[in-house]
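Structure record follows, encoded as structure tokens.
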Amino acid sequence: MGTTHPGAVGAEGWAGSAFINPVIAGFHPDPSICRAGKDYYLACSSFEYFPGVPIFRSRDLVGWDQIGNALERPSQLNLPVTTPASSGIYAPTLRHHDGRFWLIISDVQRGGTVLFTAAHPAGPWSEPVRVPGVTGIDPDLAWDDEGRCWCTYAGIEQVRIDPGTGHSLGEPRRLWSGTPGARFPEAPHLYRIGDYWYLLIAEGGTERGHGVSIARSPAPDGPFEPCPANPILSHRSTSRPIQNTGHGDLVEAPDGSWWMVLLGVRPRGGTPGWHVIGRETYLAPLTWARGWPVVGEVAPIMSAPPWPPHPVTAPPVRDDFDQTRLHPRWVSVRSRPAGCCSAQDRPGWLTLRARGESLDEPDVTFVGRRQQHLSCRVRALADPAEGRGGLAVRFDEQHHYEIEVGRDEVHAVARIGPLRQTVATRPVTSGPVVLRIDMLATEAGLDHPLKEPDMLHLGVENPDGAFTVLAEFDGRYLSTEVAGGFTGRVIGMYAAAGTVRFDWFDYESLD
């Protein structure tokens, strides 16, 4: 990061340009960012999904392309079937140092810290290096001018490590506990900026009390002086449309301006406000005053960076499964055995073979993508001639809706906590069936305290394109405020018995 103290630069001269926040929509929490040359790279938490840790690239901080997943081999990510929902992989830190990229994560299921390296963020990434001396979550990496590597983690504690072997080079020591009275000091990131080392942390919990605070020291191991304006970012106790703001990371642009990526949510409906698509990645400008960072507004519409935009490949409306490998946006629950998922068995079709008997099971055969818009439509052409399966909106094993088809009937199913119910059934003729789910957000500004955040309509499309709705479900039951945990909705295809094949999958924004 910079070698001289930054001036108050950033947002001047952008009149007339704007961009939409979040910059990476949907369940993409805990963003960590670094810059190599003119390119930015960003990693997010992935929890119980495989492959793990999505990696994005941008040239302008606004448009992001997913270029891969860091953990795409079972030897890198082994999540047993006993892994609880919202466990797995937490809070990556992504850094570029000495010509290589470094990624350090918390593997919560195994109770440890793991480090990976790569020549390029698109991979391949190395086999895991265990770091047994780091016992807390949310690890960070920083190097000083002497080449010493400092690992700081939730608590807030720190230890020097050898990043090549994972061995500790000393005993852990407490650095700073954050703002007095604020719980869960976590997500530390350490930077050398000018004459100081800055220690950025999240605190207050990742719910409505979330925030970002900072301290500084002339040395990487302290002692640290807290900023008098802490927290430097929080939307707690406000009516702003973006809430739970926290878990930030800083980056300097080539023009000397500074930026923060952070997570936030978009609650909808009545009280307490339900956020359904998870914690998302937001962007905010950052300036400097009297040696301390000042975070700009985090709003849905933001002033745009001044450098030329990087062309972005928007997720296609349709995936025809014409490639032998799935796009990195597609994820599965805990694992994806080759025998259960193939884009090669029938060319142009995705073939799924059942393991678990339903989405209630932790080993269900499922391939999905994150919901990224408050209102959207998903459709898939399913051939159930050899089995039973369908189209689902998943939060976890106890919270999901699906439209499922067998050889002669289709039915809508709701699982809410301990209750599972088949809501509606209708016969279908033999052959492939177009399954469809519409997610329709309620209008903003409605004051009814019980108003749902959205409604989900599940059904089938007739050959003439008409939509036959079998069930309408309240979206609040597939939200973090009801289900709990750290993830968001993932929408996709599954097999519950035998073999089910899918010719295509459509995702369409209705926002």
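Counting only strands (runs of 3 or more DSSP E) that sit completely within the range 375-442, zero hold 3 or more residues that are among the acidic types (Asp, Glu), surrounded by fewer than 22 Cβ atoms within 10 Å (Cβ to Cβ) and touching a Phe, Trp or Tyr at 6+ places or on another chain (Cβ under 9 Å). Just give me the residues in the range 228-240 being buried (at least 18 other Cβ atoms within 10 Å of the Cβ) and part of a loop (DSSP other than H, G, I, E, B), in sequence order. Within the range 228-240, Asn230, Pro231, Ile232, His235 qualify. Beta carbons closer than 7 Å, at least 6 apart along the sequence or on distinct chains, pair a first residue in the range 31-47 that is free of Cβ contacts under 8 Å to residues at least 40 places away in the same chain with a second that is in a loop (DSSP other than H, G, I, E, B) for Asp39/Arg59.
Applying the selection to the range 266-283, what residues are among the aliphatic types (A, V, I, L, M) and in contact with an Asp or Glu (Cβ under 7 Å, 6 or more places away or on another chain)?
Step one: list which residues in the range 266-283 are among the aliphatic types (A, V, I, L, M), which gives 276-277, 283.
The answer is Val276, and nothing else.
Each residue in the range 315-350 was checked for being under 30 Å from Thr82 (Cα atoms) and either under 22 Å from the mean Cα position of the chain (by Cα) or not in a loop (DSSP other than H, G, I, E, B) (or both), and 15 pass.
Given the range 43-108, what strands (runs of 3 or more DSSP E) lie entirely inside it while holding 3 or more residues that are more than 12 Å from the chain's Cα centre (by Cα)?
Details: elements: 52-58, 65-71, 89-97, 100-107.
In the range 43-108, the matching strands (runs of 3 or more DSSP E) lie at 65-71, 89-97, 100-107.
Read the figures in this text as sums done on the coordinates, not as results from a lab. Keep in mind that this is a model prediction, so the values were computed, not measured. Ideal geometry is used to build each Cβ from the backbone, glycine not excepted, and the neighbour counts take in all protein chains shown.
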